[in-house]
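> Structure provided below as structure tokens; questions to follow.
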Amino acid sequence: MPAPVLEIAVQDVAGVRVAADVGAARVELCAALGATGGLTPSVGLLEAAVGAAGTVGVHPLIRPRAGGFVYDDDELDTQVRDVRAAVRAGAAGVVVGVLTVDGAVDAEAVARLVEAADGREVTFHRAFDVVPDVGLSVDALTALGVTRVLTSGGAAAAADGLLRLGETVRAADGGLQVMAGGGVRPSDVAALAAVGVDAVHLSAKTLRADAAGPGGGADAGYEVTSAEIATAAAEAVRALD
């Protein structure tokens, strides 16, 4: 079984450079990761990330707001526009996820997003973790032309979702890549690889202190990509070769 590839979720150009330095295959580019789970990055950030990425594929998250993954017509239209903008900016792929009110993959909405991606890779994100039927959802995504699914196996952390991750791998049967993500630590990589996932995804983030005053989030600081954590994750992946 080949070793999984490494994807790192980043929020700035410096994070893209860290990912490139450690040999990651891809980055998921997003904004407000810790506070919201991630939102669509600006086009300016995406253009700068693509310019700094070298051989690393830049895949922006397309998510217009925090909260659940059932979207109205205006929100879906915004996502279609954002996907098209990402393609124009040079993204290697996009990361999307839309559900129906009963928690199933929204095939009509995802089809629009795949079409807007114009042949770039499409990852269906952790909205997958709340679908009621893994097999039907995998079949739907495969039929829609989605490249991969990002999932924690329905758990808060992927290391606790190994059973469902394995079920997803078996359901995909090579027709859809399965990427394990969600609270992943470098020490989890071997266990995740053992269930057959194609990739592992982690943020490798750490908090940088920076007092901003009452108008800038007080003393909360901001998240950056840790070169140390990213290096440990890359080494854990290489150890599987």
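> May I ask you to say which residue of Arg17, Arg84, Arg65 is of a type in the set (D, E, K, R) and in a loop (DSSP other than H, G, I, E, B)? Reasoning before the result, please.
Working: Arg17 fails: in a loop (DSSP other than H, G, I, E, B); Arg84 fails: in a loop (DSSP other than H, G, I, E, B).
After ruling out the rest, the residue left standing is Arg65.
> If you check Val56, Val87, which single one turns out to be farther than 27 Å from Gly154 by Cα, in contact with an Asp or Glu (Cβ under 9 Å, 6 or more places away or on another chain) and surrounded by 16 or more Cβ atoms within 10 Å (Cβ to Cβ)? Explain how you work it out, then say what you get.
Details: Val56 fails: in contact with an Asp or Glu (Cβ under 9 Å, 6 or more places away or on another chain).
On inspection, the qualifying residue turns out to be Val87.
> Another question, then. So which residues in region 153-201 are in contact with an Asp or Glu (Cβ under 6 Å, 6 or more places away or on another chain) and assigned to a loop (DSSP other than H, G, I, E, B), if there are any at all?
Within region 153-201, Gly154 is the sole residue that qualifies.
> In this structure, does Asp77 turn out to be surrounded by fewer than 19 Cβ atoms within 10 Å (Cβ to Cβ) and either on the phi < 0 side of the Ramachandran plot or in contact (Cβ under 8 Å) with a residue 60 or more places away in the chain (or both)? If you could, list the steps in order and put the result at the bottom.
On the way: surrounded by fewer than 19 Cβ atoms within 10 Å (Cβ to Cβ): yes; either on the phi < 0 side of the Ramachandran plot or in contact (Cβ under 8 Å) with a residue 60 or more places away in the chain (or both): yes.
Yes: the conditions hold for Asp77.
> Only one residue in Val83, Val98, Val131 is within 23 Å of Ala19 (Cα to Cα) and either in contact with a His (Cβ under 9 Å, 6 or more places away or on another chain) or among the aliphatic types (A, V, I, L, M) (or both). Which one? Break it down into steps so the answer makes sense when it comes.
Numbers: Val98 fails: within 23 Å of Ala19 (Cα to Cα); Val131 fails: within 23 Å of Ala19 (Cα to Cα).
On inspection, the qualifying residue turns out to be Val83.
> Going by what's in this entry, would Ala211 be described as under 23 Å from Ala14 (Cβ atoms) and either surrounded by fewer than 13 Cβ atoms within 10 Å (Cβ to Cβ) or modelled with pLDDT under 95 (or both)?
Numbers: under 23 Å from Ala14 (Cβ atoms): yes; either surrounded by fewer than 13 Cβ atoms within 10 Å (Cβ to Cβ) or modelled with pLDDT under 95 (or both): yes.
Yes; evaluated as a whole, the condition is true for this residue.
> Here's another thing I want to ask about it. Among the listed residues Thr55, Thr142, Thr123, which satisfies the condition of being closer than 26 Å to Ala24 by Cα, assigned to a loop (DSSP other than H, G, I, E, B), modelled with pLDDT of 95 or more and of a type in the set (Ser, Thr, Tyr)? Even if it seems obvious, please write down each step before you answer.
Details: Thr142 fails: assigned to a loop (DSSP other than H, G, I, E, B); Thr123 fails: assigned to a loop (DSSP other than H, G, I, E, B).
The unique qualifying residue is Thr55.
The values are calculated or read from the model by the stated rules, or taken from the named source; none is laboratory data. Bear in mind that the values here come from a model prediction, so they are computed numbers and not experimental data. Don't worry about glycine lacking a Cβ; one is built from the backbone with ideal geometry, like all the others, and counts go over all protein chains shown.
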